[in-house]
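Shown next, in structure tokens, is the structure this report addresses.
What follows is calculated from the coordinates using simple rules that are stated; it is not laboratory data. This is a predicted model, so every value here is computed, not measured. Note that each Cβ is placed from the backbone with ideal geometry, even for glycine, and that neighbours are counted across all protein chains shown.
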Amino acid sequence: MNILYTAFNGKNNSSKILLDNIDALDENKVYLKNSFITSIKQLENKIKSNTYDYIISFGQASLQQDSIKIEVVGRNENTFYKTDFDYLKIKQRLEENGYEVEISYDAGSYYCNNLYYYGLKYIRQNRLKCRMIFIHIPLVNKVSNIVKLANLFDNFLNWEYR
């Protein structure tokens, strides 16, 4: 199983710090530019250059202490794509580890939603077997232990996804 992890750049961006702490090969990580166009191109280029079973994308949001939002859809005006990722399994695992988890159908209207929408669209249009999920984590001062959270995603393949 091959997993691609993505997060947006930014010195104090919690998603970037989370990705820094995930123990994956460098070629399985993408630090996305904070740009509507460039971030999509980065993702598409990575998907074209390798075969991934899963894409786990992270972004930060103003959430309560140790709360996480699992995004189910990416939207663009009147069109949306829904993930086929087993997000309830992620919710269960995170809750078992003390996180408050919300299933969300609104990934926002900025970079996160844009990346998610175009990522899901690209996967569907190219009939890839890859599954993508977008997860919002709190701002860095609202994450009690970012290393613990990173370790959960390091062990993603042990979550009975095989």
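The dipole here belongs to segment 63-162: it is taken about the Cα centre, uses +1 on the Cβ of Lys and Arg and -1 on the Cβ of Asp and Glu, and is about 460 debye.
Charge dipole of segment 5-121 (Cα centre as origin; +1 on each Lys and Arg Cβ, -1 on each Asp and Glu Cβ, all else neutral): 460 debye, rounded to the nearest 20.
Farthest towards the positive end of the charge dipole of the chain, among the residues LEU149, ILE68, THR6, is the Cα of THR6, using unit charges on the Cβ of Lys, Arg, Asp and Glu.
In order along segment 31-41, phi translates into HN-Hα couplings of 8, 7, 5, 7, 8, 4, 7, 5, 5, 5, 4 Hz, rounded to whole numbers, per the Karplus curve 6.51 cos²θ - 1.76 cosθ + 1.60 with θ = phi - 60° and x for Gly and Pro. Inter-part distance, segment 76-124 to segment 1-46, computed on C-alpha centroids, equals 16 Å. Radius of gyration over Kirkwood radius for the chain, both on Cα atoms: the Rg/Rh ratio is 0.92.
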